[in-house]
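A.B. asks: Here's a structure for you.
The values are calculated or read from the model by the stated rules, or taken from the named source; none is laboratory data. Source: prediction; values computed, not measured. Every residue, glycine among them, receives a Cβ derived from its backbone with ideal geometry; neighbour counts consider all protein chains shown. Keep in mind that these areas ignore ligands, DNA and RNA; they rest on the heavy atoms of the full protein, side chains included. Shrake-Rupley method; radii C 1.70, N 1.55, O 1.52, S 1.80 Å.
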Amino acid sequence: PKVGTLVGKDQFGNEYYENRKDIMGRDRWVLYNKWNYDASQVPPEWHQWLSRFTDDVPTPETVPKPFYTTTSTENYTGSSGAFKTYSTVKPKIEAWAPESRR
């Protein structure tokens, strides 16, 4: 197992670690809170830290949020929470509904 120092946690419960003695590019990692993890579960401020865009650990002081941003959410594609469009147009093809004889 990897050994490192806990640097912080995000709002999803993911834990971020760092080991400065490890190879460059492999010295920062995340332990996801969910077992079925996805990269979209990492908030943008932590993504920039993991990708080494910055060395500052994300805090409200180091990463100010503009007023027009929303909270980060994971990608729900392929799940029951996925976005579904709503159409007011009548379908051109109707599904077959068999009649049962009694």
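A.B. asks: Please go through segment 5-47 and give me each residue that is part of a helix (DSSP H, G or I), open to solvent by 50 Å² or more (accessible area, probe 1.4 Å) and in contact (Cβ under 8 Å) with a residue 12 or more places away in the chain, ordered by number. Walk me through it before giving the result.
C.D. replies: Taking segment 5-47 and keeping what is part of a helix (DSSP H, G or I), we get 39-41, 44-47.
Those still in the list that are open to solvent by 50 Å² or more (accessible area, probe 1.4 Å) too: 39, 44, 47.
Hit for segment 5-47 is Pro44, nothing else.
A.B. asks: Between a residue in segment 66-89 that is touching a residue at least 24 places away in the same chain (Cβ under 8 Å) and any residue that is surrounded by 10 or more Cβ atoms within 10 Å (Cβ to Cβ), which pairs come within a Cβ distance under 7 Å, given they are 6 or more apart or on different chains?
C.D. replies: Close Cβ pairs (under 7 Å, with a partner that is surrounded by 10 or more Cβ atoms within 10 Å (Cβ to Cβ)) amount to Ser72/Pro43; Ser72/Pro44; Glu74/Asp38; Glu74/Ser40; Glu74/Gln41; Asn75/Asp38; Asn75/Ser40.
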